[in-house]
Structures are given as C-alpha cells and as structure tokens.
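Have a look at the structure below before the remarks.
FYI, it's all coordinate maths here, none of it is from the lab. Predicted, not measured: the structure shown is a model, and the values here were computed from it. Please note: Cβ atoms are built from the backbone with ideal geometry, for glycine as well, and neighbour counts cover all protein chains shown.
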Amino acid sequence: MEEHGLTRTIDVVHDVLDKHIVDRNGREMGRVDGISVELRGGAPPRLAEVLIGASVLGSRVNAVVGRWVQGVEHGLGIGEERPVRIRFSHVDEIGDKVKVDLAVGETGSETLERRLRTWILKIPGSR
Amino acid sequence: MKKYLEVFLSILTAMGGFVEIGELVFTVNAGAKFGYSLLWVVLLGTVGIIVYGEMAGRIAAVNQDPVFYLIRERNGYALGLGTLIAANIVCLLTCAAEIGGLALVLKLLVGGPYRLLVLGALLFLLLAVWFLSFQAIERVFGLLGLLMLVFVFSAIYLHPDWTQVGRSLLPNLPHVESPRDYLVYAYFCVALMSSIMLPYETYFYSSGAIEEKWTEPDLWINRTTSYLGMGFGSIVSMGVLVTSAVVLGPLQIRVDSYEQAALMFVPAFGRWAVTLFACALGVGCFGAAIEITLNAGYVLSQSFGWPWGIDKARRDATRFCTAFTVVLLLSVLIAVVGFDPLQMTLISVALTVVIMPLVVLPFLVLMNDHQYVKQHKAGPLANGFLAALTIVGALMALVVIPLEIFGG
Amino acid sequence: MSDTIRLDRVIGRTIRTANNRKLGRLEECRAERRGDSWVITEWVIGAAGLFERLGVGVRMILGFDAGSSFVARWDQVDLRNPDRPRLVCSVEELKRA
C-alpha cells in the first residue's frame with residue numbers, strides 16, 4: 001500500500017484478497033474469498049464487492065467444485081445468505097486485516113456459527 | 001518466577017510430544033535392525049525440526065498470527081489449499097494411528113476388546129479437548145512427559161558402547177548382510193526423518209504461541225522452548241534407539257507388536273517392563289492425539305477465517321470446535337474399522353515426507369517476507385538447510401518407499 | 001452498460017498480445033481510491049513459463065524479490081472475456097516492472 005498525497009493506492013491481490021476481514025467492532029467475519037469488479041466501458045474498472053463464502057473458494061478451484069459447495073451450503077440451510085456480499089464502499093481500512101464499517105450481524109457471515117452454537121450449548125458443562 | 005515455570009512446562013511438553021507412535025515404531029526397529037547406525041538421522045531430523053519449529057514460533061510472536069493463518073495470505077489460495085488438504089490427510093491418518101496405539105496400550109495394561117478400548121480412548125480425548133484450557137493441557141502433558149525419561153534411564157543403565165554411540169551421530173553406513181539391506185537402511189533414513197519432522201508439530205507450536213500470547217519480547221522463550229524441548233525430546237528418542245539396539249538387536253527380531261517392543265525394558269525394569277513401556281507409549285500417543293486433533297481445528301479455522309482458540313469459550317468458536325471434533329471422530333472411525341495402527345503409521349509417515357516440500361517451502365517464503373517477520377528474517381543458512389532437507393527427503397521417499405513396498 | 005467479473009478468476013490467467021502471443025500472467029492489480037470508490041489503475045503481468053515461475057519460486061524461498069515483467073494501464077487490458085484477457089496495445093507501450 002502506498003500513500004500518494006490525498007489518494008491511496010493498494011495492490012488488491014496482496015493487500016485485500018485472502019486477507020482476514022473484521023467488522024467495525026473487530027469481530028472476525030472470515031476471509032476475503034473473492035472480489036467482484038465492475039467493468040465500465042471507457043472508465044477504469046471499479047472494485048464492486050468483497051465476497052465471503054466457501055462456494056466462492058470452491059469456484060476458484062473450478063466451476064464444478066463451486067457448484068458442489070453451493071449445494072452443500074443449501075443443504076446446511078445457509079445457501080440463501082451465501083456468498084456474503086459486502087460493497088467495497090463499506091471497506092474502512094486495509095491493513096493487516098480488512099475492516100468494514102458494518103457489524104457482523106448485519107451480514108450473513110455468522111449464520112453457521114450461530115446455528116452450531118445452539119448445538120454446542122446443549123453439551124453439559126460446555127462453556 | 002511464573003514465567004520461568006511456564007517455560008519449563010513448555011519445554012517438558014515439547015519433549016514429551018517428541019516421541020509418538022510413528023517415531024517409536026521406526027526408532028525401535030531402526031535400533032533392532034541397524035544398531036546405533038541411524039542415530040545421525042535422529043540428530044539431523046532434530047536439527048531440522050528445531051529450525052522449523054523456532055521459525056514457526058518466531059512468525060507467530062512477531063506477526064501475532066500463526067503460520068497457517070498467513071500461508072494462504074502470502075502464497076495465494078491454490079498453494080494454501082494444497083497445503084491444507086495435505087496437512088489434513090496426514091493429520092487424519094496420524095491421529096488414527098495414535099488412537100489405535102492408545103487402544104493397544106490400554107490392551108497391554110488392562111486387557112479388553114480393541115474396539116471398545118478405541119471408544120474408551122475417544123471418550124478421554126473428547127473430555128480433554130472440550131473441557132480443558134490450553135494451559136491445563138500443557139501442564140498435564142508437560143508433567144506426564146517426564147515419564148518419557150524412562151527411555152533415557154534404560155539406555156544409560158544398559159552401558160552401551162558410548163564410543164560407538166558417539167561415532168553413530170555422524171553419517172555412516174552399517175555393516176549389512178546383503179546389498180538389499182542398504183535399501184532398507186535408506187527407507188529407515190527417510191521414515192525416521194519424516195517421523196521426527198512432523199509438520200503438525202510446528203503448526204500446533206505456532207498456534208500455541210498465540211494461545212500463550214507470545215510477543216516480540218518473548219522470542220527468547222520461543223528459542224529456549226524449541227531448542228531445549230525438542231533437543232531433550234531427541235535425547236529420549238536416542239534413548240529408545242540405543243535401548244532397542246542393545247536389547248533387541250542381538251535377538252535379530254523384527255519388531256511388529258508393542259509386546260515385542262516392550263521386551264527392551266526387561267533388563268532395566270524387570271517385571272515392570274511392560275507396564276512402564278505401555279505408560280510411556282500411552283502418554284506419547286495421548287499427547288500426540290490431542291495435538292493433532294487441535295491442530296486440525298487450528299489449520300481449518302485459520303485457513304477459512306473462523307474464530308479459533310482452545311482458550312476461547314466453546315460457544316465463541318463453534319466452527320473450530322466442530323472441525324476438530326469431526327476430525328477426531330473420523331480418526332476414531334478409521335481406527336475402529338480395524339486398520340492396523342502400525343500400518344497406518346507406515347502410511348502416514350510415508351505421506352508426510354512426500355508432501356513435506358509442499359508444506360515447508362511456502363513457509364520459507366513467509367520467513368523471508370519482511371512484512372511478516374520484520375527484521376527477524378530467516379538467514380540463508382536456515383533457508384538452505386530446510387529447503388535441501390525437505391526436497392532431498394521427498395525425492396528419496398519417492399524412490400525408496402515404492403521400492404520397499406514392492407520389495408516386501 | 002457494465003459487466004461484473006470475478007477478480008480472483010482473472011488473476012493467474014495468461015494474458016495474450018493482440019497477435020495471440022503469450023505475454024505473461026495477470027499477477028496483481030493496483031487500485032486507487034477516488035471518492036467513495038476504488039478503481040483499478042494498473043495490472044501487473046508476471047512470468048508465463050514454468051521455468052521462469054520456478055525461478056521466481058526459488059528467489060522467493062531464498063528471500064529475494066520475486067520480480068515481475070510488465071505493468072499495463074487499465075485501458076491497455078481487455079477483460080470482457082475474463083478467461084482470456086488480452087492486451088489492446090503493443091508490448092513496447094507497456095512499462096517494465
């Protein structure tokens with residue numbers, strides 16, 4: 001990352017892709033599994049969204065794996081909320097981690113974690 | 001004072017975790033077949049794991065993130081995924097071997113059907129990983145690790161030829177009966193190296209550094225723990241080899257059961273031989289199984305960005321807990337289905353050495369990136385040593401292991 | 001009219017010149033903040049061949065900079081087919097990294 005006066009430049013792959021992403025309270029949301037780019041004829045392409053989700057990772061291996069993982073996500077009942085899409089305008093800080101100005105509950109990134117929690121709390125003595 | 005006690009316990013844990021089932025199986029057979037000849041491989045492997053482990057601890061302390069967390073970031077998804085898959089396959093097989101070994105140890109101590117004992121082992125492991133904190137696990141296994149010293153005691157008691165032992169710390173070739181034995185020797189070199197330089201140990205160590213909240217000022221603790229802990233562990237390992245060489249070597253037997261291996265304690269411990277051997281092996285297997293189980297949780301969570309940590313409340317890291325539980329259950333399933341733990345050990349060790357470059361080389365890239373280690377970069381000597389060791393080891397394995405399998 | 005593509009699927013793809021010669025792989029893109037948006041200003045193109053990439057790997061392991069070949073402006077790269085990125089200028093017009 002470099003500071004050039006009032007503008008900032010970043011190396012998107014090095015500084016953003018695969019980095020951990022946290023919400024405005026510092027809570028883990030996962031990793032930047034993918035980034036969508038908007039191509040605009042005659043204007044520079046714009047970074048559109050940060051994508052979080054296993055199906056995004058799967059599709060980076062190949063399209064078939066991506067679809068298969070999507071199927072698993074639907075089977076687990078979280079397909080509707082995957083992939084988690086966060087508009088790039090919500091990215092607040094890009095450093096060791098990517099910080100967004102949303103709370104984790106405003107996205108679908110914690111759904112599976114919450115579902116598993118209901119099971120885990122049933123285990124006697126579990127903290 | 002508290003800090004020094006913690007360092008002492010960390011050293012004991014590293015020492016106790018050094019000898020686990022794979023290492024024990026190969027070291028006992030190495031001693032029985034080739035006498036002291038393979039001691040230099042134990043020494044070389046130890047230097048390798050010390051260098052590797054210290055680097056992993058250094059990254060964690062400096063960067064405040066463990067190794068696996070950073071591998072995907074620095075090396076990209078494809079390589080990160082390859083490393084993750086390889087690490088998990090080896091974890092699964094090694095864990096199954098440790099659990100199988102634990103069941104056989106319980107069989108030696110209390111008797112009973114093997115499958116029931118596997119389920120008993122599962123219960124102990126689940127209780128440990130679900131209800132103990134990281135510190136409690138360290139303290140328990142740190143102190144139990146002292147039991148491993150029985151191997152060192154036994155070796156000293158047997159009054160081996162110390163000059164010969166000393167000479168065997170340098171690369172050497174044994175006297176063999178047929179040229180085919182050189183192939184077997186090469187196989188043991190590869191297998192012993194692999195069983196000492198287990199990647200999961202360094203990922204676990206690096207995650208543990210974060211659990212213990214090490215920072216840059218604690219780098220001396222990292223160096224002390226890795227040098228002394230793994231160094232002492234290596235002495236335990238050499239104790240196993242020397243004892244086996246003195247007791248089992250002259251018997252010309254191939255050791256393929258724990259009852260046979262336990263015989264090596266008879267001269268030193270008499271009627272306590274089997275009990276002590278079983279207890280020491282049990283501690284090694286139990287500790288290793290816990291480490292591997294937690295490590296699976298660590299590497300999956302760190303790769304995918306889930307909250308993780310055994311010191312977190314379980315409800316705050318549910319995917320991490322689910323991941324390690326699933327891996328544990330799968331390992332138990334493999335053990336219960338009845339695969340011979342010794343066979344699983346052979347396979348997991350063979351796989352480990354072949355995938356080693358995939359695991360170590362991305363790590364070396366990390367160790368040379370100023371962004372991740374600041375001024376604490378690895379020097380060219382350490383880089384070159386680790387790179388050479390893993391590449392040569394993998395190439396040897398690709399040649400030697402198939403020949404050994406096909407040659408029976 | 002705008003299209004949306006996945007950056008992670010473009011990265012690592014081989015980019016070809018106007019006369020279909022392999023130039024290298026898209027390794028990185030640089031973006032700049034303009035108001036509320038981040039826009040891509042440049043693409044970094046790295047080694048294409050296997051031996052070159054192995055050489056890069058060895059350099060990285062030994063602690064040297066990986067090095068790269070070219071830097072292209074956003075308007076010098078055509079990504080309408082993300083599986084087949086193309087250069088829309090001559091190689092001589094590119095900056096050397």
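Considering only A:Ser55, B:Cys285, B:His159, and ranking their Cα positions along the charge dipole of the protein assembly as shown that arises from unit charges at the beta-carbon of Lys, Arg, Asp and Glu, the one farthest toward the positive end is A:Ser55. Need the list of lysines near C:Lys95 for cross-linking: C-alpha distance under 25 angstrom, and skip anything on the same chain fewer than eight residues off. Correct list for C:Lys95: C:Lys22.
Only Lys, Arg, Asp and Glu carry charge here, each on its Cβ (+1 for the first two, -1 for the last two); on that basis the protein assembly as shown has a dipole of about 620 debye about its Cα centre.
So for chain B, averaging the separation of alpha carbon pairs under 8 Å that are six or more residues apart and normalising by length, what relative contact order in percent results?
Values: 623 pairs, mean separation 149.7, N = 408.
That works out to 37 percent.
Only sites in a loop by DSSP and with at most 11 other Cβ atoms within 10 Å count here; which chymotrypsin sites (Phe, Trp or Tyr not before Pro) in segment B:291-386 make the cut? The partial results should precede the final answer.
Numbers: sites: B:Tyr298, B:Phe304, B:Trp308, B:Phe320, B:Phe324, B:Phe339, B:Phe363, B:Tyr372, B:Phe385; in loops: B:Trp308, B:Phe339.
Listed in order of number, the matching sites amount to none.
Dipole size of segment B:107-196 about its Cα centre, with +1 on Lys/Arg Cβ and -1 on Asp/Glu Cβ: approximately 260 debye, rounded to the nearest 20. Cross-link reach is defined here as a Cα-Cα straight distance under 18 Å, omitting same-chain residues fewer than 8 places apart; for B:Lys2 the aspartates and glutamates meeting it are B:Glu138, B:Glu211, B:Glu212, B:Asp218. Of the residues B:Lys213, B:Lys2, B:Lys33, B:Lys107, the one with the fewest other Cβ atoms within 10 Å heads the list, and the complete ranking is B:Lys2, B:Lys213, B:Lys107, B:Lys33.
Using the eigenvalues of the Cα gyration tensor, what equivalent ellipsoid semi-axes result for chain B when each is taken as the square root of five times the eigenvalue, whole Å, largest first?
Values: eigenvalues 194, 120, 86 Å².
Each semi-axis is √(5λ); the values are 31, 24, 21 Å.
Checking the table A:Lys19/B:Lys312; A:Lys97/A:Lys122; A:Lys97/B:Lys312 against a 30 Å threshold on Cα-Cα, which pairs fail?
Numbers: A:Lys19/B:Lys312 22 Å; A:Lys97/A:Lys122 33 Å; A:Lys97/B:Lys312 20 Å.
Listed pairs above 30 Å: A:Lys97/A:Lys122.
Taken about its Cα centre, chain B carries a charge dipole of roughly 320 debye when the Cβ of each Lys and Arg holds +1 and the Cβ of each Asp and Glu holds -1.
Put simply, the Cα atoms of the protein assembly as shown extend 86, 57, 49 Å along their principal axes, the longest span coming first. By the helix-only formula, in which each DSSP H run with n ≥ 4 contributes -39500 (n - 2.57) and the sum is divided by residues, chain B has a 222 nm mean residue ellipticity of -25500 deg cm²/dmol. Projecting the Cα atoms of C:Pro85, B:Val360, B:Gly16 onto the charge dipole of the protein assembly as shown, computed from C-beta unit charges around the Cα centre, puts C:Pro85 farthest toward the positive end.
Arrange B:Ile89, B:Ile401, B:Ile292 by Cβ neighbour counts within 10 Å, fewest through most, would you?
Numbers: B:Ile89 14, B:Ile401 22, B:Ile292 30.
The order, fewest Cβ neighbours first, is B:Ile89, B:Ile401, B:Ile292.
Just counting partner chain Cβ atoms within 10 Å, what average do the residues of peptide B:55-64 show around their Cβ?
The shielding value for this peptide is 0.
Positive-end ranking of A:Gly66, B:Gly82, A:Met29 along the dipole of the protein assembly as shown, with charges on Cβ about the Cα centre, is headed by A:Gly66.
Ordered by the number of other Cβ atoms lying within 10 Å of each residue's own Cβ, fewest first, B:Met264, B:Met356 fall into the sequence B:Met356, B:Met264.
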